[in-house]
Amino acid sequence: MSADRELDDALRGLARHGGQGRVHAAAEIRRRGDTRRRRRHVATVTVGVLLVAALGAGTAAIRLAGPQHTIPVGPAGPTPVPATDPPEVTPGPHSVVPPTGSSSPSTASSRPGPDGTRPSVTDPSSPASGTSGSPSAGAGGVLSGQRQATVVRVDGIGGVSLRDEGGLGEVDGDEGDQLFVFVPQGGDTYLVRVAGAGDTCWESRSSGSAALRVVGAACDPDAPRQRFSIVRDGERGGAPAYAISNLSAFLQHSPTRGLILEELGDATLTTYFRLVDNGAAPS
């Protein structure tokens with residue numbers, strides 16, 4: 001207690017020196033400090049309890065404001081398997097897949113026929129275009145000699161035309177004659193007569209060192225150079241496709257020389273044609 005007495009003496013001396021009046025004893029000051037601390041502690045605890053109670057009441061109010069949402073769970077079942085593309089079909093030995101980006105020839109106007117109509121080059125699915133197997137020379141078929149047809153190269157840009165200057169080529173307009181009649185000569189051989197142009201037929205012809213070409217000549221069933229072999233070789237683009245040749249030289253497309261006749265040797269044939277029916281042949 002000597003410390004308390006010393007504190008009392010020091011406080012009384014300070015009071016006398018400052019003229020502040022009476023100063024409470026140290027024990028009283030300490031008691032009052034302890035009382036204030038207890039009151040502050042009680043107040044702090046009370047405020048905390050009130051805050052907790054308020055938060056609990058708010059949570060209960062929120063829960064009562066609406067029904068609890070739950071995520072529905074479906075019945076157990078097998079895991080769905082994503083759809084897959086059908087397996088790719090490998091082309092057969094006689095199938096030729098057109099290059100990417102190729103399309104069927106667009107509609108091209110051409111020289112009007114005898115009845116004033118223009119030939120069509122965009123209907124390769126016509127029933128008269130033939131059926132499976134070798135081309136048929138039966139009644140009504142495009143190779144029967146009773147129908148007129150356009151010749152369209154698979155992946156070409158127009159129709160095949162016997163042009164005014166006499167050579168066979170591809171055009172995207174009305175140049176030359178584009179309607180032909182295939183007159184059976186037995187087996188797979190045909191005379192290819194120009195429809196409505198009198199007595200003009202296809203004929204293979206060479207000119208010096210130039211490539212062998214097809215030109216127009218007076219029809220002669222006995223001339224070997226006018227007897228063309230036309231053989232169906234599967235389908236291209238969903239329509240029958242035909243290989244055309246004369247004396248073992250096939251009608252092929254050259255990027256620099258156009259349509260020429262060329263012997264294949266060990267090479268693979270890459271040029272095929274569609275025969276598009278354009279109605280009954282003129283008599």
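The values are calculated or read from the model by the stated rules, or taken from the named source; none is laboratory data. The shown structure was predicted, so the numbers you read here are calculated from the model rather than taken from an experiment. A quick note on method: Cβ atoms are made from the backbone with ideal geometry, for glycine too, and the neighbour counts reach across all protein chains shown. Accessible surface areas use protein heavy atoms only, side chains included; no ligands, DNA or RNA. Shrake-Rupley method; radii C 1.70, N 1.55, O 1.52, S 1.80 Å.
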## Note on the structure
Label model pair Arg12, Ser254: point-to-point distance (7 angstrom along the Cα→beta-carbon line) in nm is 13.9 nm
### Highest average packing first - 258-268, 213-223, 149-159, Cβ atoms within 10 Å
149-159, 213-223, 258-268
## Note on the structure
From most to least accessible, 1.4 Å probe, no ligand or DNA/RNA atoms counted, Val231, Val160 line up as Val231, Val160
### Query
What nm value, rounded to one decimal, do you get for the distance between Asp174 and Glu28 when each label is placed 7 Å out toward the C-beta?
13.2 nm
### Task
Round to a whole angstrom and tell me the spacing of the C-alpha centers of region 237-283 and region 170-189.
11 Å
### Query
P(r) for region 168-231: what percent of alpha-carbon pairs falls in each 5 Å bin, starting at zero?
4, 18, 26, 24, 18, 9, 2
### Query
Averaged per residue, what accessible surface does region 156-196 expose to a 1.4 Å probe, in Å²?
34 Å²
### Query
With no solvent and one point on each alpha carbon, what is the Debye value of log10 I(q)/I(0) for region 186-274 at q = 0.19, 0.22 Å⁻¹?
-0.95, -1.20
## Note on the structure
Sorted by chain and then number, the residues having a modelled amide H within less than 5 Å of the amide H of Gly279, at least 5 places away or on another chain, are Gln148
## Note on the structure
Counting only protein heavy atoms with a 1.4 Å probe and every protein chain in place, the carbon and sulfur fraction of the accessible surface of region 146-280 in whole percent equals 45 percent
#### Entry: Backbone N within region 196-237 under 20 Å of label point (7 Å from Ala267 Cα along the Cβ vector)
204-215, 229-231, 233
